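One structure is given below, encoded as structure tokens.
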Ligand SMILES: [Zn+2]
């Protein structure tokens, strides 16, 4: 990966954006897409779509999602601490003592930490138990409610994990917050770039949805707007290659390729589309891993149910420590996902579409 390619990943993971607050991510998307798109447009909730291709062929929609898991300020206490609501799926064990950023209405960034008790005051029983989310708070170094208000903090402000992007010890393992789902967003942008430089007999709509982490909401509106013939959700999936994970829970290995979701809680993939993608991967010898995520869904869960039904599939990049401050991907998985999706979209012409949709 060259400097420019890596910078896109840094820009996307550094941007702050919980569900309903995706502005920073959308700006990164627009700035990158403008050189390759014929047109960039939005649904009413803020999902972004970049179009390329003159028409005549199938409408192919590929989309990541912009929002990351985070929190929302609900209340400032008298002493100047912040109470919060989780936005997206959090596990209490990965939250305590983590640094966060609060973005105020005026765009100021306030640094904070999710407070915790020191072990010194805990009984042996208390140390064994996870701390409940409802008892957690954010410490911003303010001494009173008035001071926090002077800094511009209000209920409703977005709170995002704070983690700096790092290439781990000169390897291909990349650490950042929000790989879920800035990496899918990056894939959409890179496929747009690739196909803008290459002949393709279809119209590509490369996008990124709002509000996936709270129930696939943006995909519902964006897919209605695009009205595609075929759709792909580009997202992240669980890795199973760390100590304690069992193959039953997840068996993907970082570096072994993109994941093709054969089952998740939101969708049965379109069988002919699934076979089409597998054939492309095998023909070009692009590595991939079959994946099942029984306890989660992707935007494809909404895409495939849009209007009169859209053949859909989710292609994901395996991630370690999903939905935490510190998530890890492997560079090769990202690049191979870009390659696979580029080659699949390039082959989706009228004949291919007929083979998918003539029942
Ligand atoms: Zn997620």
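Would you kindly identify the helices (runs of 4 or more DSSP H) lying entirely within segment 120-206 that contain at least 1 residues that are farther than 30 Å from residue 34 by Cβ? Give the derivation first.
On the way: elements: 124-128, 145-150, 179-196.
Fully inside segment 120-206 and qualifying: 124-128, 145-150.
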Checklist entry - Of the residues in segment 18-29, how many are closer than 17 Å to residue 187 by Cβ and in contact with a strand residue (DSSP E or B) (Cβ under 6 Å, 6 or more places away or on another chain)? => result 2
Checklist entry - Picking from 216, 195, 175, 225, which residue would you name as being away from the ligand (no atom under 16 Å from the Cβ), surrounded by fewer than 24 Cβ atoms within 10 Å (Cβ to Cβ) and within 17 Å of the chain's Cα centre (by Cα)? => result 175
Item to check | Hits in segment 343-359 - residues which are in contact with a helix residue (DSSP H, G or I) (Cβ under 9 Å, 6 or more places away or on another chain) and surrounded by fewer than 23 Cβ atoms within 10 Å (Cβ to Cβ) | outcome: 343, 346, 347, 352, 355, 356, 357
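Given the options 334, 321, 290, name the one that is loosely packed, with under 15 Cβ neighbours inside 10 Å, in contact with a strand residue (DSSP E or B) (Cβ under 7 Å, 6 or more places away or on another chain) and at pLDDT 95 or above. Quick ask: steps written out before the conclusion?
On the way: 334 fails: loosely packed, with under 15 Cβ neighbours inside 10 Å; 321 fails: loosely packed, with under 15 Cβ neighbours inside 10 Å.
Just one listed residue meets the conditions, 290.
Just to be sure, is residue 112 closer than 16 Å to residue 79 by Cα, modelled with pLDDT of 95 or more and crowded, with 18+ Cβ neighbours inside 10 Å?
Against the criterion (closer than 16 Å to residue 79 by Cα, modelled with pLDDT of 95 or more and crowded, with 18+ Cβ neighbours inside 10 Å), residue 112 qualifies.
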Checklist entry - Any idea which of (1) within 16 Å of the ligand (Cβ to nearest atom); (2) assigned to a helix (DSSP H, G or I) is the one residue 296 doesn't satisfy? => result (2)
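State yes or no: is residue 151 within 16 Å of the ligand (Cβ to nearest atom) and either modelled with pLDDT of 95 or more or touching a strand residue (DSSP E or B) at 6+ places or on another chain (Cβ under 8 Å) (or both)? Quick ask: steps written out before the conclusion?
On the way: within 16 Å of the ligand (Cβ to nearest atom): no; either modelled with pLDDT of 95 or more or touching a strand residue (DSSP E or B) at 6+ places or on another chain (Cβ under 8 Å) (or both): yes.
No.
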Checklist outcome for this item: Subset of segment 69-83, residues in contact with a helix residue (DSSP H, G or I) (Cβ under 9 Å, 6 or more places away or on another chain) and closer than 18 Å to residue 324 by Cβ, comes to 69
Next on the checklist: Can you tell me which of (1) away from the ligand (no atom under 16 Å from the Cβ); (2) within 30 Å of residue 354 (Cβ to Cβ) is the one residue 187 doesn't meet?
Outcome noted: (1)
Checklist entry - Is one or more of the residues making up segment 263-273 within 28 Å of residue 20 (Cα to Cα), more than 15 Å from the ligand (Cβ to nearest atom), assigned to a loop (DSSP other than H, G, I, E, B) and under 21 Å from the mean Cα position of the chain (by Cα)? => result yes
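Looking only at segment 236-245, which residues are assigned to a loop (DSSP other than H, G, I, E, B) and either under 24 Å from the mean Cα position of the chain (by Cα) or within 16 Å of the ligand (Cβ to nearest atom) (or both)? Give the steps one after another, and end with the answer.
Taking segment 236-245 and keeping what is assigned to a loop (DSSP other than H, G, I, E, B), we get 239-245.
239, 240, 241, 242, 245 - these are the residues of segment 236-245 that are assigned to a loop (DSSP other than H, G, I, E, B) and either under 24 Å from the mean Cα position of the chain (by Cα) or within 16 Å of the ligand (Cβ to nearest atom) (or both).
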Checklist outcome for this item: Residue pairs qualifying under the 7 Å Cβ cut-off, at least six apart or on distinct chains, with the first in segment 148-164 being farther than 29 Å from residue 180 by Cβ and the second being part of a strand (DSSP E or B), are 148/76; 149/76; 151/110
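The values are calculated or read from the model by the stated rules, or taken from the named source; none is laboratory data. Computed from a predicted structure; not experimentally measured. Here the Cβ is made from the backbone with ideal geometry for all residues, glycine too, and neighbour counts use every protein chain on show.
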